[in-house]
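Asks: Right, I'll just put the structure down here and ask away after.
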Amino acid sequence: MEHVINAGPHISGPWNGFRLGLMLVLCLSLAPAWSQDLLYSMQQIAGSESEVKAVLAKDEQLRTGEAYIFHIKPMVCPRCEGLINPLIGMLKKADPQSRIVMVVDYPRKKPVFNFVQERNFSIDYLLIDTTARFAEQFNYSAGRTSIPFCLKIDLSSGQLLRALPLLGISLNQSLADELINDHTPEIPVQRSLTKNVSMGIQAFEVKEPKLPFDIFTALVEDDRQPYSQPLKLVMSKDEKHWIFLDDIAQKPFVYDTRGNFVGTLSPSAEEKKKYVSPDIQDEIYMFLEKSNILNVIYLDIYPTPDCDDCVCISTSLPEVFYEPDTSIAYYNKIAFIRKRFNNEVASIDTIAEMPTPGYVLHHKKAVFLPEFTLIPVVKGWPAVGTGQLSQYTDPSVNPFLDSFYEQAPLAALYSRDGQFISTIGALPALYKQLHAGYYFSHAVAAQSRDKLWLTDGRSGQIQVFRQSERAGFQLEHTLSLFSAGKFLPVGPENKAATTMVYQGEKTDTLYNAQAYYELNRPAEGKELPYLQALESQLSKQIVQLEAWGDKLYALVREDGHFYLHTLDQQGGGHTVQYVGDPADGSHGKLSYCRLFASSERDELKLLGVYVGNKAWIASAVLK
């Protein structure tokens, strides 16, 4: 935990003078002003009050009275961060003496300082929680700092008075007044119910043959633009540059292959205004921009096969216009942007909406195939929505009903000019048996000539399609790369059979998916914890498919480790290799892997990102 830093006085932003709070309709505003039925919640752990008090008391100005704590992990929800400055303005309007603290949950300091300065938050104090000391005093319904929260804390006692999520709320002055007037501590939860007791660190044993990296290159950090953690790594067409999406900055960083910083690609005015209606006045546009509501969100990056100094970026662009009642509507517009390394926009392409309502395109996970763009689709709770399941009465969004799975495609196919062609694939039976909806589905695909491979990721199944001129892609058969987590296959009569597996002195009881669900069927209001508990059962995930030569490669992540599965394109000759060497910690931990098809050298490469005291890019050519 870094010491409290007094951020100093701030000039009042336009949110103090604008009467826009009740008029602004964001895509975030999907629930009442504040409700216990929100999907995202945060509770203090009983007995943590003294630790919370000690953390904040590092500054003598934060030892008595009450304070408002914006508890965030940078850029996990950029649109949510857009509510921070307007809410601060409303709190200051109701109580000018309000003390505003931001606690940032992140392990590296430098990129956090840059982030806070660029976002221009109107805070009084900043804490950088590099060790999660503050975060570990709370329980989160959907994972630690998965969205920003505004906490009200009694500094004298260290007690939490209110935890307000910044997703799924309607922000107005009444809500701020309610926060100001709330002085009653919330009921804490017991630590034993929220945190497992550590059993010590066990050595990791690799049973598969190892696939080591050949070359490691350290990234030289630039003081003006320090990186946080490289993600989504690709190479340029001429293989002279690496491009990665930075975790905090959420923009592409360009490095040459010697590890030297070249520059960053930042959202331009053209991108910000592309889908902003000309009817929106300049003063309102400036308000949206300065309050961090007007966000261009970079989601993923892709190599460009026809340009040496370009990268393709999947983005959400702000779409802003007036509703008929004169309120301002704000939506996310799907777009794919090609940018040159000098930050010049080469093109901005969008796609048509799906003709069937109810589905949401996850363009963050788009796959560019040789002839098509494949975009995963999701529908229903909790993939869509911010409230508890009981708040949604439409049966078509309820994954605990069998009818939900009657129409459950994995992805949508689009032409290169953005026109919808068809949906493709189907959620495997495992999802219906577990009533998991789209919670674990992360579709990835590969194509070679008239053959397409598509997987949901977690089931271990790969659906194989053949393309014809008349019928399009038709399912041929399904490959099984691995067993679905720790579940047994369902028997021929769909009986809920179980088995005992003896491993030395340890006995494990394994269930098929139907039996697991019947034994763990959640009560109303407990559906999300049920799905979260499944995470440990479905620990394997196919994160990338690549067809190269006569082989099909599948990159699999399991419990933070990566494995490369290799098959012939008919599904035979299956081999598995462990990526990297767990015994070699000199480069930190392998945090990301990606297969890269080199058209320049006609070879397939495996790229990796290692993160320790510095970041390293690793590579190996697959034989």
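Asks: Would you please put 470-479, 526-535 in order of how densely packed they are, using the mean number of other Cβ atoms within 10 angstrom per residue and starting with the highest?
Replies: So the order, starting with the most tightly packed, is 526-535, 470-479.
Asks: Moving on to the next point. Largest first, what is the accessible-area ranking of Phe216, Phe465, Phe204 with a 1.4 Å probe?
Replies: Listed by decreasing accessible area, they come as Phe204, Phe216, Phe465.
Asks: Over 21 Å between C-alpha atoms is what I'm after, so list which of Lys73/Lys540; Lys251/Lys274; Lys237/Lys451; Lys251/Lys339; Lys73/Lys526; Lys210/Lys623 land there.
Replies: Listed pairs above 21 Å: Lys73/Lys540; Lys237/Lys451; Lys73/Lys526.
Asks: Among Leu555, Leu607, Gln577, whose Cα sits farthest toward the positive end of the charge dipole of the range 516-623 (+1 at Cβ of Lys/Arg, -1 at Cβ of Asp/Glu, about the Cα centre)?
Replies: Final value for the positive-end residue is Leu607.
Asks: Based on the Cβ-Cβ distance of Ala94 and Arg224, what FRET efficiency does E = 1/(1 + (r/R0)^6) give at R0 = 45 Å, to the nearest 0.05?
Replies: So the FRET efficiency works out to roughly 0.70.
Asks: How high is the relative contact order of the range 531-623? Use alpha-carbon pairs under 8 Å, at least six apart in sequence, and give a whole percent.
Replies: Reported relative contact order: 17 percent.
Asks: Using a 1.4 Å probe over the heavy atoms of the protein chains, calculate the carbon and sulfur portion of the accessible area of the range 51-197 as a whole percent.
Replies: Exposed carbon and sulfur together represent 47 percent of the surface.
Asks: What is the dipole size for the chain, taken about its Cα centre, with +1 at each Lys and Arg Cβ and -1 at each Asp and Glu Cβ, in debye to the nearest 20?
Replies: 600
Asks: Next question. Which FRET efficiency value, to the nearest 0.05, do you get for Asn181 and Asp279 by plugging their Cβ-Cβ distance into 1/(1 + (r/R0)^6) with R0 = 30 Å?
Replies: Once rounded, the FRET efficiency stands at 0.20.
Asks: Would you give the gap between the C-alpha center of the range 73-89 and the C-alpha center of the range 540-558, rounded to a whole Å?
Replies: If you average the Cα positions of each part, the centres end up 37 Å apart.
Asks: To continue, here is another question. So, in Å, what gap is there between the alpha-carbon centers of the range 280-316 and the range 359-418?
Replies: The range 280-316 and the range 359-418 have Cα centres separated by 23 Å.
Asks: How high is the relative contact order of the chain, in percent, with contacts defined as C-alpha pairs under 8 Å that are six or more residues apart?
Replies: It rounds to 12 percent for the chain.
Asks: When the C-alpha atoms of the chain are aligned to their principal axes, what extent does each axis show, in angstrom, from largest down?
Replies: The principal-axis extents, from largest down, are 69, 59, 55 Å.
Asks: Next up: Using θ = phi - 60° and the Karplus curve 6.51 cos²θ - 1.76 cosθ + 1.60, what whole-Hz ³J(HN,Hα) does each residue of the range 418-424 get, with Gly and Pro shown as x?
Replies: Listing the rounded values in order: x, 8, 5, 9, 5, 8, 8 Hz.
Asks: Also, I was wondering about something else. Order 318-328, 39-49, 173-183 from most to least packed using the mean count of other Cβ atoms within 10 Å.
Replies: Result, highest mean Cβ count within 10 Å first: 39-49, 173-183, 318-328.
Asks: Could you work out the helix-only [θ] at 222 nm for the chain, with each DSSP H run of four or more residues adding -39,500 (n - 2.57) and the total divided by the number of residues, to the nearest 500 deg cm²/dmol?
Replies: Taking each H run of at least 4 residues, the total per residue is -3500 deg cm²/dmol.
Asks: If the convex hull of the alpha-carbon atoms of the range 430-482 is projected onto planes in all directions, what is the mean projected area in square nanometres?
Replies: That works out to 4.1 nm², a quarter of the Cα hull's surface.
Asks: Further, regarding this structure: Apply the Karplus curve 6.51 cos²θ - 1.76 cosθ + 1.60, θ = phi - 60°, to the phi angles in the range 337-347 and return the couplings in whole Hz, x for Gly and Pro.
Replies: For the range 337-347, the Karplus-derived couplings read 10, 9, 10, 7, 5, 8, 6, 6, 7, 7, 6 Hz, x marking Gly and Pro.
Asks: How big is the C-alpha Rg of the range 206-258 next to the rule-of-thumb value 2.2 N^0.38 Å, as a ratio?
Replies: Taking the Cα Rg and dividing by 2.2 N^0.38 Å, one obtains 1.36.
Asks: Additional query: Place +1 on the Cβ of every Lys and Arg and -1 on the Cβ of every Asp and Glu in the chain, take the dipole about the Cα centre, and give the residue among Phe336, Asn292, His442 whose Cα lies farthest towards its positive end.
Replies: His442
Asks: Can you give me the distance in nm between label points at Ser50 and Gln570, each placed 7 Å from the Cα along the Cα-to-Cβ direction?
Replies: Calculated label separation equals 7.0 nm.
Asks: Tally Lys and Arg at +1 and Asp and Glu at -1 over the other residues with C-beta under 14 Å from the C-beta of Asp177: what net charge comes out?
Replies: It works out to a net charge of +1.
Asks: Based on the mean of other beta carbon atoms within 10 Å per residue, what is the order of 287-294, 208-215, 231-238, most packed first?
Replies: Sorting 287-294, 208-215, 231-238 by mean packing, highest first, produces 287-294, 231-238, 208-215.
Asks: At 1.4 Å probe size, with the rest of the protein present, what percent of the exposed accessible area of the range 360-495 is carbon and sulfur atoms?
Replies: Of all accessible area on the range 360-495, carbon and sulfur atoms account for 49 percent.
Asks: Using a 1.4 angstrom probe, figure out how much accessible area the chain has per residue, in square angstrom, rounded to the nearest whole.
Replies: Averaged over the residues of the chain, the accessible area is 45 Å².
Asks: To the nearest whole percent, what portion of all C-alpha pairs in the range 210-363 is separated by more than 29 angstrom?
Replies: Of all Cα-Cα distances in the range 210-363, 27 percent exceed 29 Å.
Asks: If the viscosity is 1.002 mPa s and the temperature 20 °C, what translational diffusion coefficient in µm²/s does Stokes-Einstein give for the range 323-407 when Rh comes from Kirkwood over Cα pairs?
Replies: 133
Asks: Suppose R0 equals 56 Å. What FRET efficiency, 1/(1 + (r/R0)^6) with r the Cβ-Cβ distance, do Ala57 and Asp581 give to the nearest 0.05?
Replies: Computed FRET efficiency for Ala57 and Asp581 comes out at 0.80.
The values are calculated or read from the model by the stated rules, or taken from the named source; none is laboratory data. None of these values were measured; they are calculated from a predicted model. Glycine also receives a Cβ, built like all others from the backbone with ideal geometry; neighbour counts cover every protein chain displayed. For accessibility, only protein heavy atoms count, side chains too; no ligands or nucleic acids. Shrake-Rupley method; radii C 1.70, N 1.55, O 1.52, S 1.80 Å.
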